[in-house]
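Novice: Got a structure here, written out as structure tokens. Questions coming.
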Amino acid sequence: MSITDVAETLYNNKPDLQFDHSELCDRFISAWLDRLSTVERFVAAERLDGLYSLGLVWLPHAQDRSWERMLRLAASSLEEIADTLTYAEGDANSPDTSFNRRYAMKLVELARGPLAEVAGELSRRADELVELQSQADTEEESEG
């Protein structure tokens, strides 16, 4: 099934998996995402974000779970894209490419500079979100 097909099934399934079986639905999503390629995982997680704000609200920190996952997957996707861009160096001046080493090195610089920095920052934001969830739990416990 395509990402769209799985998303539509989860959004429209009867009986309502989202409300009646939130934990099971979340575990399925995690296991299914693990079977996809890195970039596909991000696309799928983004597509399923609405489940966490609408149907899986019974899960503790449902929306936070979705955002943490998307941040981590965005970081992983950028790392994979950056890694792919570094291959340009080896392809420079090949008879099959119209770019030279100078052009290829600009791509490598993007990969090792801005893309790596953004990937790192997204990972740090995901870690921060986990801390914020923990703080919210602690505050809720102290209030209750």
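The values are calculated or read from the model by the stated rules, or taken from the named source; none is laboratory data. Remember, it's a predicted structure, so these values are computed and weren't measured experimentally. In this analysis, Cβ positions are derived from the backbone assuming ideal geometry, glycine residues included, and neighbour counts consider all displayed protein chains. With ligands, DNA and RNA removed, areas are computed over all heavy atoms of the protein, side chains included. Shrake-Rupley method; radii C 1.70, N 1.55, O 1.52, S 1.80 Å.
Novice: Taking the stretch 97-135 as the region of interest, how many residues are closer than 21 Å to residue 64 by Cα and either hydrophobic (A, V, I, L, M, F, W, C) or open to solvent by less than 50 Å² (accessible area, probe 1.4 Å) (or both)?
Specialist: Matching residues across the stretch 97-135 total 10.
Novice: Here's something else I'd like to know. From the list 138, 84, pick out the single residue that is of a type in the set (S, T, N, Q), surrounded by fewer than 16 Cβ atoms within 10 Å (Cβ to Cβ) and modelled with pLDDT of 95 or more.
Specialist: Among 138, 84, only 84 is of a type in the set (S, T, N, Q), surrounded by fewer than 16 Cβ atoms within 10 Å (Cβ to Cβ) and modelled with pLDDT of 95 or more.
Novice: When you go through (1) at pLDDT below 90; (2) surrounded by fewer than 20 Cβ atoms within 10 Å (Cβ to Cβ) one by one for residue 63, which number turns out not to apply?
Specialist: So the condition that residue 63 fails would be (1).
Novice: In this structure, does residue 77 turn out to be open to solvent by less than 20 Å² (accessible area, probe 1.4 Å), among the polar types (S, T, N, Q), under 23 Å from residue 125 (Cα atoms) and modelled with pLDDT of 90 or more?
Specialist: So residue 77 passes the test.
Novice: Out of curiosity, is residue 94 free of Cβ contacts under 8 Å to residues at least 40 places away in the same chain, in a helix (DSSP H, G or I) and open to solvent by less than 60 Å² (accessible area, probe 1.4 Å)?
Specialist: No, not satisfied.
Novice: What are the pairs with Cβ atoms under 8 angstrom where one residue, in the stretch 31-56, is at pLDDT below 95 and the other, located anywhere, is not in a helix (DSSP H, G or I)? Sequence gap at least six, or different chains.
Specialist: Taking only residues 6 or more apart or on different chains, the pairs are 52/59; 55/16.
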